[in-house]
Amino acid sequence: MTTTTMGIRLGRRRRDQLRKVLGFLLLIPGILWVLMPTAWMFSAAFSSLAQVLRFPPELWPDPWVWTNFYEGFTYLPFGRYFVNSLQISVIRVIGQVIAASMAGYAFARLRAPGRNLLFAVVLSTMMLPYTVIMIPQFVLFKELGWINTYKPLTIPFFGGGAFFIFLFRQFFRTIPEDIFEAARLDGSTYFGIYWRILMPLSLPILATSAILIFQNSWQDLIGPLIYLNSNDLYTIPLGLATFRSSFGSSPWNLIMAVSIGAAIPPVLLFFFGQRYLLSGIVVMEK
Amino acid sequence: MATIGAEKSRQSGPWDRVRKRGLFAPSLRTEEAIWFYIFLGPWLLAFLIFTLMPMAASFALGFTRYNAIQPPEWVGLQNYALLYRDPVFWKSMRVTFVYTGIFVPVQLAISLALAMLLNLRVPGMRAIRTIYYLPAILPAVVTGLVWVWLFNPDFGLFNFLLYKIAGIQGPNWLGSERWVMPAVIISGLWGMGAGVIIFLAALQGISHELYEAAELDGAGLWNQFLNVTVPMLSPVILYNLLIGMIGALQTFERIYVMTRGGPNYASYFYNLYLYDNAFGYFKLGLASAQAWILFLVIMLMTFIALRTSGRWVYYSGGR
């Protein structure tokens, strides 16, 4: 190595360190910005309503009110809504992941006339606003007697969804051809390849899709708003949206307690699945 | 981002020759095609029943008067004419476009900057990334509720900080025609983790050698950003731009809980008006026409973005 490149290397290390320190300092205001509302949520969830409404606001609850969670979850049957949301989301995750992985396999590995055209159709559905299909779907589900059931919130998604089909296709294309050839030589069927070879290899993508689908489903408001009438079928977002209007003045401490409860499943899922999430999305660029 | 382009043709595998086939059995090629359609079956079925048929139906409904009880009545272009003369329609269009025009570029710039910072190799980065992604995990309804409260003029945190730091009396954010849009944009900028994650994943895919080569050529940090990072990320920038735009034009949930469109329609987003027409007044024909106008706008804007993207999007590997 010549002295000039050595010099560059050394200067570079120092500059790298400087960059890291600067970057880290830049991240701090952002962290505060992100955490501020979250801290506020927690503070209110443990405060009395009188304290929440006080000006100037105090972040530290005084006294600590632990009953907000109990009161919030019983004023409206939020425990019930929680189970409802969970039920819908789990069914949707299973159906959507299976369909998306199957379609992804077809687009990545099986050749057939019309494949490229169909893939273009899949991608272009990403542009389609939900409102375009919302009204005829409503009419259709009304005719089928699906109003006030969970079918409109789950079954239409059993096609997989463009984004997830794309994700699976990109991932399956990165798997070396040799594996498929070897499997075929061993007498594997196409289904066997999908089920016994691809699925075990796709853990990161399965986890990524499951997390994202769960999040989408868990926070969906417009679907339940249109299709669910009876109170005992409500989901968490629908319950929260009605919670605010069903009180005279907003009981912010109770709303925040319920909100924290509503955030627990997606946060837990993200926490345990985050190591898959990034590696799962990396394949999109491939 | 990969394109739909032709793939390298698969060589015929050795099993083609090895496998013995009956006289009337379908050829391997036909068998593969059949399996393709079997695996695509769920999507194909759902697409036909829940997307394509409703699309055609909503296009047709746009030319009718329909309340879901009596059969639809053909009115020609009347719905479109009604919307054209409807000041609330234009207001909702303007609100949505102003929001999209400001929010999407700002969000894109901040997401990219954030992703670059989060890509630094610093101890504790995993925890910092989780913190930054937190708002994106919270349901939109929860986010909306938190911000209603933060923007409360009497006891909200925002006006308290304005008072404490700048000594000024803050506005009545969500109750003021002038301040409701800034408030909605600020609250939207809180939850932008998804775009950041996609940028972050793309950044990790950029080869280090490119930066080293640029540095040997004497490029500073800014030039490295302009000549390495931006071109290499440009397909992802385009993707985030399109998805961000399509999402912003359809903003609904957060606004539904934050303002319900008020005050005086100052935050009456397009989809809010559409929803009210459809399920508030059961003017399903009119709402269908509204949906198609939005669809055409989205298609037009996507087309323009893709058309002009040839000038600034760089596909490595010459796709």
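The values are calculated or read from the model by the stated rules, or taken from the named source; none is laboratory data. Here the structure is a predicted model, which is why all the values come from computation and not from measurement. Cβ coordinates were reconstructed from backbone atoms using ideal geometry, including for glycine residues, and neighbour counts include every protein chain displayed.
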- Query: How about region B:121-135: which of its residues are without any contact (Cβ under 8 Å) to a residue 60 or more places away in the chain and part of a helix (DSSP H, G or I)?
  - Reply: B:MET125, B:ARG126, B:ALA127, B:ILE128, B:THR130, B:ILE131, B:LEU134, B:PRO135
- Message: If the requirement is being among the basic types (Lys, Arg) and without any contact (Cβ under 8 Å) to a residue 24 or more places away in the chain, which of these qualifies: A:ARG196, A:ARG169, A:ARG173?
- Response: A:ARG196
- Item | Unique match (being in the same structural domain as A:PRO251 (by TED's automatic domain parsing) and more than 20 Å from A:ARG173 (Cα to Cα)) among A:LEU118, A:LEU110, A:LEU86 | A:LEU86
- Test result for B:ALA291, under 16 Å from B:ARG94 (Cα atoms) and away from chain A (no Cβ under 11 Å): no
- Note on the structure: Across region B:115-146, the tally of residues that are among the hydrophobic types (A, V, I, L, M, F, W, C) and more than 7 Å from chain A (Cβ to nearest Cβ) stands at 6
- Item | Which numbered condition B:THR302 misses (of (1) of a type in the set (Ser, Thr, Tyr); (2) at positive phi; (3) facing chain A (nearest Cβ under 8 Å)) | (2)
- Message: Checking the condition under 30 Å from B:GLY205 (Cα atoms), more than 14 Å from chain A (Cβ to nearest Cβ) and either in a helix (DSSP H, G or I) or touching a Gly at 6+ places or on another chain (Cβ under 8 Å) (or both), which residue from B:VAL104, B:VAL88, B:VAL95 passes?
- Response: B:VAL104
- Wholly within region A:144-260, helices (runs of 4 or more DSSP H) carrying at least 1 residues that are closer than 22 Å to A:SER85 by Cβ and among the aromatic types (Phe, Trp, Tyr): A:162-173, A:203-219, A:222-227, A:236-246
- Query: Taking region B:160-185, which residues are free of Cβ contacts under 8 Å to residues at least 12 places away in the same chain, within 14 Å of chain A (Cβ to nearest Cβ) and at negative phi?
  - Reply: B:PHE160, B:LEU161, B:LEU162, B:TYR163, B:LYS164, B:ILE165, B:GLN169
- Query: Among (1) farther than 20 Å from A:TRP218 by Cα; (2) surrounded by 15 or more Cβ atoms within 10 Å (Cβ to Cβ), which single condition is A:GLY192 missing?
  - Reply: (2)
- Task: Identify the single condition in (1) under 24 Å from the mean Cα position of the chain (by Cα); (2) free of Cβ contacts under 8 Å to residues at least 24 places away in the same chain; (3) surrounded by fewer than 18 Cβ atoms within 10 Å (Cβ to Cβ) that A:GLU143 does not satisfy, given that it satisfies every other one.
- Result: (1)
- Would you point out which residue out of B:SER58, B:SER111 is facing another protein chain (nearest Cβ under 9 Å), assigned to a helix (DSSP H, G or I) and surrounded by 15 or more Cβ atoms within 10 Å (Cβ to Cβ)? B:SER58
- Say whether the condition of being at pLDDT below 80 and among the polar types (S, T, N, Q) is met by at least one residue in region A:30-46. no
- Taking A:ILE88, is it surrounded by fewer than 18 Cβ atoms within 10 Å (Cβ to Cβ) and either within 19 Å of the chain's Cα centre (by Cα) or in a loop (DSSP other than H, G, I, E, B) (or both)? no
- Message: I'd like to check something: does region B:65-84 contain any residue that is at the interface with chain A (Cβ under 9 Å from one of its Cβ atoms) and either surrounded by fewer than 19 Cβ atoms within 10 Å (Cβ to Cβ) or touching a Pro at 6+ places or on another chain (Cβ under 6 Å) (or both)?
- Response: yes
- Scan region B:77-125 for residues that are among the charged types (D, E, K, R) and at pLDDT 90 or above and jot them down. B:ARG85, B:ASP86, B:LYS91, B:ARG94
- In region A:178-199, is there at least one residue being under 24 Å from the mean Cα position of the chain (by Cα) and more than 18 Å from B:PHE47 (Cα to Cα)? yes
